[in-house]
Amino acid sequence: MNLSLSFRSPEPSLCHRRYSCPIKYPQKQQVPNLLRPKLYPKIQFPIPKIQTQFRVTARKWSPMEGLSQEMNTIALQNLDHAPARRRVRSAFINVHKQLDHCLFKMDNAGIRTEEWYGRNSRGMEIFCKSWLPKPGDRIKAALCFCHGYGSTCTFFFEGIARRIAQSGYAVYAVDYPGFGLSEGLHGYISDFDELVDDVIEQFTNIKGRSEVRGLPFFIMGESMGGAVTLKIHLREPYKWDGVILVAPMCKIADDVMPPAIVLKLLALMSEVLPQAKLFPQKDISRLSYRDPRKRNTAGYNVISYKDQMRSRTAVELLKATSDIETQLNKVSSPLLILHGAADKVTDPLVSQLLYEKASSKDKSLKLYQDAYHCILQGEPDDTIFTVLNDIVTWLDSRCSPN
């Protein structure tokens with residue numbers, strides 16, 4: 001049997017054939033075609049009674065309209081290692097400020113931000129960032145954030161964090177090893193539980209910071225970050241004052257899962273070639289961003305992981321969701337679940353099941369009619385602000401002054 005696999009990651013694929021530019025420029029620049037994607041050589045893997053052929057291709061890339069050839073070339077460079085990702089992010093900071101998206105245009109003057117690198121117990125540099133309320137404003141509580149697969153705690157989350165900080169909360173986030181600005185092979189998760197350990201380590205350090213010592217601590221996770229958040233809560237059930245889950249990855253939706261035979265082959269490949277980009281997946285950006293303009297804006301998150309999922313990463317995510325499914329009844333913290341009712345990436349029915357099975361006495365489930373997976377980034381502005389307001393209202397109701 002011959003399998004020819006060419007695929008994308010299960011989080012939104014952020015590279016499209018054409019962009020309608022969300023940056024407002026006085027004149028539109030003409031951008032020539034740049035580098036064409038290279039094809040890696042075909043690799044033959046002998047498997048008993050099965051002849052399997054994998055064709056692994058580099059990510060497809062079309063120049064982003066409105067950007068110079070120089071900026072497109074910067075965006076196209078190899079991002080396997082953190083120094084390159086950090087250079088690219090620095091080069092695009094001014095570009096991001098001009099993006100036509102509500103999360104980049106909110107007036108949050110006075111919010112204090114800080115960026116730093118902490119080291120985990122394995123000696124890797126982990127990118128951390130904080131957003132604090134305006135000087136003189138009382139800090140009600142702290143919120144720690146876990147980002148989704150392929151993403152980063154910068155870009156879209158900057159606007160989300162600023163909105164929450166404006167309401168009186170100290171917000172903290174980290175990039176996982178191998179993602180965003182942290183060290184590690186881009187998009188590679190060798191062990192999901194080890195990743196959870198890394199996040200716990202950084203959040204434990206954050207809890208000791210002087211500005212939030214002794215305050216309530218909440219944790220929020222989006223998509224794969226929801227799985228990270230649940231794993232953290234199950235490890236530390238009494239160390240968090242509440243859990244917020246946004247379209248959590250408790251189970252990957254059947255619509256985006258590959259066939260069973262492919263999963264078996266990938267389990268084998270994760271042992272033979274763990275870092276190879278072999279996970280077959282549909283381009284699901286249209287299932288993730290309901291608003292086409294916001295879908296185009298997502299392409300400017302240039303340090304997000306956009307290639308095919310690495311084989312070990314895929315197996316680790318499947319193992320993590322399988323483990324979480326068996327422990328839904330152990331979720332005991334005050335719980336807020338927010339999910340798009342039309343999400344076909346992570347299943348809203350599983351969020352409903354989590355809500356029903358969780359042993360939490362204080363739990364809420366909010367489903368947003370017609371909304372897709374990225375309810376905080378890819379919906380019409382009014383939906384995005386509704387979700388943000390729901391988060392702040394929930395926090396406020398649990399942080400009222402005595």
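Structure values in brief
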| read-out | value |
| --- | --- |
| Distance between modelled label sites at Ile261 and Asp390, nm, 7 Å Cα→Cβ extension | 4.1 |
| Extension gain from Tyr238 to Val95, taking 0.36 nm per residue of separation minus the Cα-Cα distance | 47.3 nm |
| Candidates per trypsin sites (Lys or Arg not before Pro) in region 105-153, loop by DSSP, up to 14 other Cβ within 10 Å | Arg122, Arg138 |
| Inter-site label distance for Asp191 and Asn108 at 7 Å from Cα along Cβ, in nm | 3.5 |
| Rounded to whole Hz, the Karplus (6.51, -1.76, 1.60) HN-Hα couplings of region 162-170, x for glycine and proline | 5, 5, 6, 5, 4, 8, x, 10, 7 |
| Amide H contacts of Met309 (H built 1.01 Å from N, under 5 Å, at least 5 apart or other chain) | Ser9, Phe279 |
| Which of His81, His96, His339 has the fewest Cβ neighbours within 10 Å, and the rest in rising order | His81, His96, His339 |
| For Ile200, net neighbour charge (Lys/Arg +1, Asp/Glu -1) across residues whose Cβ lies under 13 Å away | -2 |
| Built amide H within the under 5 Å cut-off of Arg119, gap 5+ | Ile126 |
| Residue pairs, from the table Lys239/Lys330; Lys129/Lys366; Lys330/Lys361; Lys319/Lys366; Lys207/Lys366, whose Cα atoms sit over 23 Å apart | Lys129/Lys366; Lys319/Lys366; Lys207/Lys366 |
| Region 102-397 pair-distance distribution - Cα-Cα, 10 Å bins, rounded % | 6, 29, 38, 22, 4, 0 |
| Interchain or long-range residues, amide H under 5 Å from Lys363's placed H | Leu335 |
| Whichever aspartates and glutamates have a C-alpha closer than 17 Å to that of Lys277, once near sequence neighbours (fewer than 8 apart) are set aside | Glu11, Asp80, Asp191, Asp307, Glu316 |
| Neighbour-count order for Asp291, Asp343, Asp107, fewest beta carbons within 10 angstrom listed first | Asp107, Asp291, Asp343 |
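Taken together, the values in this text are just the output of simple stated rules run on the coordinates, not laboratory data. The structure displayed is predicted, hence computed values, not measured ones. Cβ sites come from the backbone with ideal geometry, for glycine too, and all protein chains shown count toward neighbours.
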